[in-house]
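First the structure, in the form of structure tokens, and then the observations on it.
No value in this document is a laboratory result; all are computed from the given coordinates. Model, not experiment: these values are computed from the prediction. All Cβ positions, even for glycine, are placed from backbone atoms using ideal geometry, and neighbour counts span all protein chains on display.
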Amino acid sequence: MVNLFLTFLFLRALLGKSAATVTSEDQPLADPKLAELCRASIIVLLALVGLRVMVTFLGVNFDFRITYIALVSALPILLFSPKRIHLVRRMTG
């Protein structure tokens, strides 16, 4: 919590008062299908992170690496998006 508060103070000093204002502008999505795939990936990511926390908390000896979570949560986008090659190229630089 201390680190979170210090980060907030740092960003507030760096960005000024504009950091505290949030604007909501309704803009149409450029690619609604990709947005749905991203939403599915985030849901999978959160579910797998929650599962990992539970497995760790319960003390179950199960090899459930963070890299597996990252790979599985990226699968909806990589498997079902027609722009998968473009997205992978943008990720790798």
The answer for trypsin sites (Lys or Arg not before Pro) in region 42-93 that fall in a DSSP coil and have at most 14 neighbouring Cβ atoms within 10 Å is ARG65, LYS83
For LYS33 paired with ARG89, estimate the spin-label separation in nm (one decimal), with each label point 7 Å from Cα along the Cα-to-Cβ line. 1.8 nm
Can you compute log10 of I(q)/I(0) for the chain with the Debye formula, treating each Cα as one identical point scatterer, at q = 0.25 Å⁻¹? -1.08
Once whole DSSP H runs in the chain are found, which of them have Cα atoms spread over 20 Å or more along the helix axis and a mean Kyte-Doolittle score of at least 0.0? 32-58, 66-80
